[in-house]
1. Give me the Debye-computed log₁₀ of I(q)/I(0) at q = 0.08, 0.09, 0.14 Å⁻¹ for the chain, equal point scatterers on Cα only, no solvent, two decimals.
2. What number, rounded to the nearest 500 deg cm²/dmol, is the helix-based mean residue ellipticity at 222 nm of the chain, given -39500 (n - 2.57) per DSSP H run of at least four residues and division by all its residues?
3. Holding the Cα-Cα limit at 20 Å, pick out from K48/K68; K206/K254; K273/K420 the pairs that are longer than that.
4. Starting from the amide H of G439, placed 1.01 Å from N in the peptide plane, find each other amide H under 5 Å away whose residue is 5 or more places distant or on another chain.
5. Relative to the present Cα-Cα distance, how much length would full extension add between K68 and D285 at 0.36 nm per residue of separation?
6. Test of understanding: what is the full-extension gain from N181 to S26, defined as 0.36 nm times their sequence separation minus their Cα-Cα distance?
7. Only Cα pairs under 8 Å and at least 6 apart count here; give the relative contact order of region 14-85 as a rounded whole percent.
8. Would you kindly state how much longer the chain becomes between A169 and N140 on full extension, computed as 0.36 nm times their sequence separation minus their alpha carbon distance, in nm to one decimal?
Amino acid sequence: MGIRIIAILLISFTAFPQQNPFPTDSVDAIVSRIQLPKIPNYTILVSKLGAKGDSISNDKPAFDKAMKLCQKKKGGTIIVPKGIYTLNGPIHFVSNVKLQLEKGAKIRFSDNPNHYLPMVLTSWEGTMIYNYSPLIYANNCSNISITGEGTIDGEGHNIWNSFKSKEGADKKLTREMNHTNVPINDRRFGAGHFLRPQLIQFLECKNILVENVTIEDSPFWCIHLLKSESITVRGLKYNAFNANNDGVDPEYSKDVLIENIDFNNADDNVAIKAGRDHEGRANSDFSSQNIVVRNCRFKGLHGVVLGSEMSAGIKNIYVENCKTTGYLKRGIYFKTNADRGGFIKNIFIRNIQLDEVEDCIYITANYMGEGADFPSEVSDIYLSDISCTKARETALIIQGYPLKKVRNVFLNNIEVKSAKNGMTLQHTENVTVNEVIIGQKATIPTSVSNSVKH
């Protein structure tokens, strides 16, 4: 017990390194490198192609025809006027296309799984497979955009949501295929299986913009950025309360800007990922990197999450100027384990305002207590100017792995006004603490009262 106290005192008196402020120049370089889509001038209204927007008719043929016309014209803008457009099947993008939803327009997808066949190449919790098509899907496209003041409704609350309780065997099978290196072409799910599709997925795409639309009722993850680059996601609103309704999931992706978003979803708001286990480690060239998250309002399960699928590595992440609008289970959450391998490094987070949480900051290299052979490197983490009103459980947790400690963590100007538990540090190295207050701020010591009898 005495050794533990001494260690904490040594940490507490280490000077915070002034040479590591928030690297604004790095953020500016990433943002300036990201290219917005370049869309040709051609435009087409889906209503001109037979889409009725009456909430009953199947308008998918009109959307498919619009996409083919844009492809023939080498790109263009598909305009969706006010109305409720039911689509019995997915939208598959081609390059150089903008899907523009005008105010009052809603695209509402069918919840019949058969409408999302034939299967496409996709990913499920970090493992590449063939499965039902995501509801909006792009594969190997460039210059694609979804914009406007309308709504994208995944109709996920009924049939798709019922898959959650049935997915166990398929989930296990994906992981066995991952670990045993089954050829991807042989990993086929879809009909007769229960792995839900993402609402929006971009696979091996570049120059992407998703802006201002409202996302609701997703079957699974809402926006999945997979092996893609040069991406802007901004101005969105979420109302997505089904199981696993992550907000934005960059995976194996780089040069990403996520900003000015009102999250209100039933899982992670932003979850940065990079593949799972054997497959992720074999794709280390696809580490998720150069990702900026700023000026967002968090509401849901967790605010910003790194992992747990991160085996190809996560680096150069910048989060700033975000706040919550309600309860979160965890505000900032890093999670990996000794099944994953890979790394989480060069993470900078500042100016975060949290209200009530279960845990304010939680960094663990032993997520679910799984694994032994592939511990992850977690290092070089800079957290500053973070405030939290109340932590129902613990203000700050850092759990390294016994054989690979969490290293080089710098905590500066962090205040948690109320917490059941203060701080837990296990298997760490070089943790620096400056101006960290948990509970009521201490004042100058009081003098001994004259009334005290000796």
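The values are calculated or read from the model by the stated rules, or taken from the named source; none is laboratory data. This structure is a prediction, so every number in the text was calculated from the model and none was measured. We place every Cβ from the backbone using ideal geometry, glycine too, and count neighbours over all the protein chains shown. Accessible surface is based on the protein model in full, side chains and every heavy atom, while ligands, DNA and RNA are left aside. Shrake-Rupley method; radii C 1.70, N 1.55, O 1.52, S 1.80 Å.
1. These q points yield log10 I(q)/I(0) values of -0.47, -0.59, -1.30.
2. Helix contribution divided over all residues of the chain: -3500 deg cm²/dmol.
3. Values: K48/K68 14 Å; K206/K254 10 Å; K273/K420 30 Å.
Those over the limit are K273/K420.
4. V416, K417, S418, A419
5. Numbers: separation 217, 0.36 × 217 = 78.12 nm, distance 3.41 nm.
Length difference between fully extended and current span is 74.7 nm.
6. Numbers: separation 155, 0.36 × 155 = 55.80 nm, distance 3.68 nm.
The N181-S26 span can extend by a further 52.1 nm.
7. Relative contact order of region 14-85: 36 percent.
8. That works out to 7.4 nm of additional length.
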